[in-house]
């Protein structure tokens, strides 16, 4: 079981972990011990998430979202299999928590009259500076 929030938990059947050999540092262990973890979460079939949350999760996951509707996280940060497993679960939980928050709708606003006037005054001043640089060629 993976606890996301007080109300949302991910069941064990939704998560699949496979361990493979990691690249990078590890000394003699690197060729013997499968420390990298590949965590697969069946997001599309998950009853814990709403359809809106799944849509946001799909957008956030990007290339980690498979055609079958699963999220695949690959972690090989440390030499410890247990720590890599924890990191993968933490990353998944953080990703889901982010997807649960509905973004606020942006309200269209207009610039204030003062800001418009300041912008136009700055443009006029800059244009005057540049106009003063030009050589008119009159003698």
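What follows draws every value from the coordinates through simple rules; no lab data is involved. Just so it is clear, the structure is predicted and the values come from calculations on it, not from any experiment. All Cβ positions, glycine included, derive from the backbone under ideal geometry; neighbour counts span all protein chains shown.
Answer with yes or no whether residue 102 is outside any strand (DSSP E or B), in contact (Cβ under 8 Å) with a residue 12 or more places away in the chain, farther than 24 Å from residue 36 by Cβ and out of contact with any strand residue (DSSP E or B) (no Cβ under 7 Å at 6 or more places or on another chain). Yes, satisfied. With respect to the stated conditions, residue 131 fails to be free of Cβ contacts under 8 Å to residues at least 60 places away in the same chain, out of contact with any strand residue (DSSP E or B) (no Cβ under 6 Å at 6 or more places or on another chain) and surrounded by 11 or more Cβ atoms within 10 Å (Cβ to Cβ). Residue 51 passes every criterion in (1) touching a strand residue (DSSP E or B) at 6+ places or on another chain (Cβ under 8 Å); (2) surrounded by fewer than 13 Cβ atoms within 10 Å (Cβ to Cβ) apart from (1). Tell me whether segment 110-125 contains one or more residues that are out of contact with any strand residue (DSSP E or B) (no Cβ under 9 Å at 6 or more places or on another chain), in a helix (DSSP H, G or I) and closer than 30 Å to residue 51 by Cβ. No, every residue in segment 110-125 fails to be out of contact with any strand residue (DSSP E or B) (no Cβ under 9 Å at 6 or more places or on another chain), in a helix (DSSP H, G or I) and closer than 30 Å to residue 51 by Cβ.
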